[in-house]
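The next block holds one structure in the form of structure tokens; read it before the comments.
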Protein chains: 2
Amino acid sequence: MTSLNKITDFRRPVAINLAARPTASSCEDCGARHQGLCDALSDEEVGFLARTAQHISLQANTVFIEEGEAALYFYNINSGNVRLFKSLPDGRRQITGFAGPGHFLGLAATSKNMFSAETMEPVKLCRFSRSAIAAVFEEFPVLERKLLDVAMHELVLSQQQMLLLGRKTAIERIASFLLSWAERLEICASGVLPKPNVSMPLPLSRTDLADYLGLTIETVSRSLSHLKREGLIDIPNIHEIILLRPQALYDIAEAAV
Amino acid sequence: MTSLNKITDFRRPVAINLAARPTASSCEDCGARHQGLCDALSDEEVGFLARTAQHISLQANTVFIEEGEAALYFYNINSGNVRLFKSLPDGRRQITGFAGPGHFLGLAATSKNMFSAETMEPVKLCRFSRSAIAAVFEEFPVLERKLLDVAMHELVLSQQQMLLLGRKTAIERIASFLLSWAERLEICASGVLPKPNVSMPLPLSRTDLADYLGLTIETVSRSLSHLKREGLIDIPNIHEIILLRPQALYDIAEAAV
DNA sequence: CGCGACCTTTGATATGGATCAATGGCCATA
DNA sequence: TATGGCCATTGATCCATATCAAAGGTCGCG
């Protein structure tokens, strides 16, 4: 059946570095000022938001949202990537998505967090209390509109992922993933294939990949090797993949006839 | 590996019955007036919305949202149930969710519909043009807030479903489904187990169930039979299931230790 | 430069669930 | 009450992917 992945998370509790509240001017220098949510806001709006936020720095492999805990915060990532996941008591894990600079986190929550989040590398983020942000909504309804857009986009992605997890074969999952990752990196526009021979950084471990695609690391490795042997991709090193024939990948990913 | 389900959808194009626009007063009599989205609105707000809506009646097994088509509308279901799904060219299908009276449809869309929707029985619904609804948002920001809540809830559900599809065994999927269906029917509060021996109507075919859970109809049938043999459920007839031991189902569903 | 830890790849085998096949049950219609 | 069609169940077999096992890479550190 499905893998009982060795639990690789040594979640040493890391003292959270509570830096001073950001100011509108510190936002100016933020790497995420013109990405994601913040990009949609005026300087005035960012300033307003900034007053309710805390800047936080986390080291790699830190779990900073824990499923089941009270959902007190929203987060906006400034730098670094994080993995979002749900797990079962026996250690099985499903990664439900990844979030990078500019991504807004915390929408999939009721009063408790319904997922966990862990940094994949050193991460800087802004933390907003959910209650404080409600007041910001009153002031700037545009924010709410923007959040709705974000949520709608995430819904689209998760439905795609359900099709992948429920109905695609291993090789189809890998091909789908590679193309969606290219889209995520904005190597190509949404719905458009990347040009042949583009290179992508792939900061995920094989374990992350497996847990994202509902496979084992062995099957991920074999599928990638297969695509390489067939000349659809090249893998110069573990953390880089070259899409040699995107159209062929697409035909596999979408089971095109 | 995965089923090439015979394509069972004989999607005869059905003439859509465009009844007159609903009025605020006709909303008063609507079965969904006090469910879902509409329940959160005042009579004034409903009246405003009603002026932008069309009442539509559909017969059973009608596809009324087609993946890939231009996304022109939102929908609110007044009566009947519909299935939401994505499919691959070879007929493989993943049902991503179900929607019943009071459910709001169309959030997971960009400029094109990113999923399809099909009635499971005769359905009445209200259709809103996406452009018209933007104007309503200006007038009543509360609507946007409510939609954000809906979207957030759907995100939670789809993440649960990803865990199910990616990492759970057949029997775990069935047990999870039965409990989530009880929640959906409001037989029990969210996160609370139903009392032993509760009976639930189950308007889904085995094919729907299989396509929702990423299994084949044979495996669904075998898993249900297994749970029945073990005394955790009873199946008086195809469209009714009695949860004899919800706690035991939960232990299976969540792989509780 | 060499050692060791960890991750990835590759190979051999096992198995859960898919596929193929047959039977059974239910309902609608005559 | 009989008949046919559709869907569900059950059984037999197969296969894609998991699991188990071993070897190969890579990188940091002494």
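The values are calculated or read from the model by the stated rules, or taken from the named source; none is laboratory data. In this text the structure is predicted, and so the values were computed from the model without any measurement. Don't worry about glycine lacking a Cβ; one is built from the backbone with ideal geometry, like all the others, and counts go over all protein chains shown. Areas reflect the complete protein model, heavy atoms only, side chains present, ligands, DNA and RNA absent. Shrake-Rupley method; radii C 1.70, N 1.55, O 1.52, S 1.80 Å.
Values as computed for the structure displayed
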| quantity | calculated |
| --- | --- |
| Helix B:141-167 axis, angle to chain B major axis (alpha carbon atoms, nearest 10°) | 20 |
| Listing of the stretch B:93-108 residues, each with accessible area lower by at least 20 Å² in the full protein assembly than in the chain alone (probe 1.4 Å) | B:Q94, B:T96, B:L107, B:A108 |
| Exercise: per-residue mean of other protein chain Cβ atoms within 10 Å, B:111-120 | 2 |
| Rounded accessible area per residue of the stretch B:168-253, 1.4 Å, Å² | 46 |
| Over chain B: helical MRE at 222 nm, DSSP H runs n ≥ 4 each giving -39500 (n - 2.57), nearest 500 | -11500 deg cm²/dmol |
| Counting DSSP beta bridges with both ends in the protein assembly as shown, the antiparallel % (nearest 5) | 100 |
| Principal-axis tilt of helix B:217-229 within chain B, Cα atoms, nearest 10 degrees | 60 |
| Accessible area in square angstrom per residue, the stretch B:17-143, 1.4 angstrom probe | 40 |
| Fraction of accessible area attributable to carbon and sulfur, chain B (%, probe 1.4 Å) | 54 |
| Solvent-accessible area buried by pairing B with A, both sides, nearest 100 square angstrom, 1.4 angstrom probe | 4600 |
| Whole-number percent relative contact order across the stretch B:17-143, with pairs defined as alpha carbons under 8 Å at least 6 apart | 33 |
| Peptide B:82-91 - average C-beta neighbours from other chains (10 Å radius) | 3 |
| Peptide A:144-151, shielding by other chains (average Cβ, 10 Å cutoff) | 5 |
| Proximal lysines to B:K228, defined as alpha-carbon separation beneath 25 angstrom and excluding residues fewer than eight positions away on the same chain | B:K168, B:K195 |
| Inter-centroid distance (Cα atoms) of the stretch B:66-88 relative to the stretch B:165-194, Å | 24 |
| Mean Cα-pair separation over length for the stretch A:40-105, i.e. relative contact order, pairs under 8 Å, 6 or more apart, % | 28 |
| Eligible aspartates and glutamates near B:K124 by straight Cα distance, threshold 14 Å, same-chain separation 8 or greater | B:D29 |
| Residues in the stretch B:197-220 that, when all protein chains are in place, have 20 Å² or more less accessible area than the chain alone would give (probe 1.4 Å) | B:G214 |
